[in-house]
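Take a look at the structure below.
The values are calculated or read from the model by the stated rules, or taken from the named source; none is laboratory data. Given the structure is predicted, the values throughout are model-derived calculations rather than measurements. Methodologically, a virtual Cβ is constructed for each residue, glycine included, from the backbone with ideal geometry; neighbour enumeration extends over all protein chains shown. The accessibility values were calculated without ligands, DNA or RNA, using every heavy atom of the protein model including side chains. Shrake-Rupley method; radii C 1.70, N 1.55, O 1.52, S 1.80 Å.
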Amino acid sequence: MQPLIVVDVETTGLPGKTPPDLLRIVEVGAVFVDEHGEVRRTFGEMVNPGAEIAEHPKVQDALAISGITPAMLAEQGRPEVRVAKEFLVWVESLPDKRPAVTAFNREFDMGMLGDGPWRLALSGVPLAPCLMLESMRIMAEHCDVERDDNPLQLVKW
């Protein structure tokens, strides 16, 4: 197995649905999985986007999905630039210098990490397949997709 960095971000909303001036990463987590499938290192930090964003009514639903509150961000969150730099140092410290990167919803997570101070952390790191799409592909191979009650019927391939 190729070594992997698996990332997950929590945000104040979704691109295209949340005003760009309110769309921020509020938590980033990652694990490094070695060639044997063993988790070897982890990274996780909250990011404080500032009270004016964290407390804005248009981001409350997104925060509620992750269980993150404005109070948690104020108390535990750290400045975005600082967390992004620490994430870059974490990636550069991994024992395998050519792991691939993925996420359950790779397009979303990598899109969020592709802007601002985050873009340097994963620059040059190859992409691995999206875990969500790979899971759906495997399920389709092993499930009876012809059944009327199969949830994969709802998926637009």
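Using the crude model of +1 on Lys and Arg Cβ and -1 on Asp and Glu Cβ, and no other charge, please compute the dipole size for the chain relative to its Cα centre, in debye to 20. Please list the in-between numbers first.
Working: 15 positive and 25 negative charges, 99 e Å.
Approximately 480 debye in magnitude.
Which Cα, out of Ala121, Gln2, Leu23, lies furthest along the positive dipole direction of the chain (beta carbon charges, K/R +1, D/E -1)?
Checking the options against the dipole of the chain, the answer is Ala121.
Only loop residues by DSSP count here, and only those with at most 10 other Cβ atoms within 10 Å; note down the chymotrypsin sites (Phe, Trp or Tyr not before Pro) in region 1-87 that meet that. Walk me through the numbers on the way to the answer.
Working: sites: Phe32, Phe43, Phe87; in loops: none.
When the chymotrypsin sites (Phe, Trp or Tyr not before Pro) of region 1-87 are filtered for loop state and at most 10 Cβ neighbours within 10 Å, nothing remains.
Roughly speaking, to the nearest percent, how much of region 8-112's 1.4 Å accessible area is carbon and sulfur?
Details: 3040 of 5780 Å².
Carbon and sulfur: 53 percent of the exposed surface of region 8-112.
With n ≥ 4 as the cut-off for DSSP H runs, can you work out [θ] at 222 nm for the chain, using -39500 (n - 2.57) per run divided by the number of residues, rounded to the nearest 500? Present the calculation step by step, with values, prior to reporting the outcome.
On the way: 6 runs with 51 residues, N = 157.
Only helices count here, giving -9000 deg cm²/dmol.
Show me the trypsin sites (Lys or Arg not before Pro) within region 1-86 that DSSP assigns to loop and that have at most 10 other Cβ atoms within 10 Å of their Cβ.
Here the sparse-neighbourhood loop sites are Lys17.
Across all directions of projection, what mean area in square nanometres is found for the Cα convex hull of region 10-107? Walk me through the numbers on the way to the answer.
Working: hull surface 27.7 nm².
Projected over every direction and averaged, the Cα hull of region 10-107 covers 6.9 nm².
Work out the count of Lys pairs in the chain where the Cα-Cα distance is under 29 Å, with the pair 8 or more places apart or on different chains.
For the chain, the number of qualifying lysine pairs is 5.
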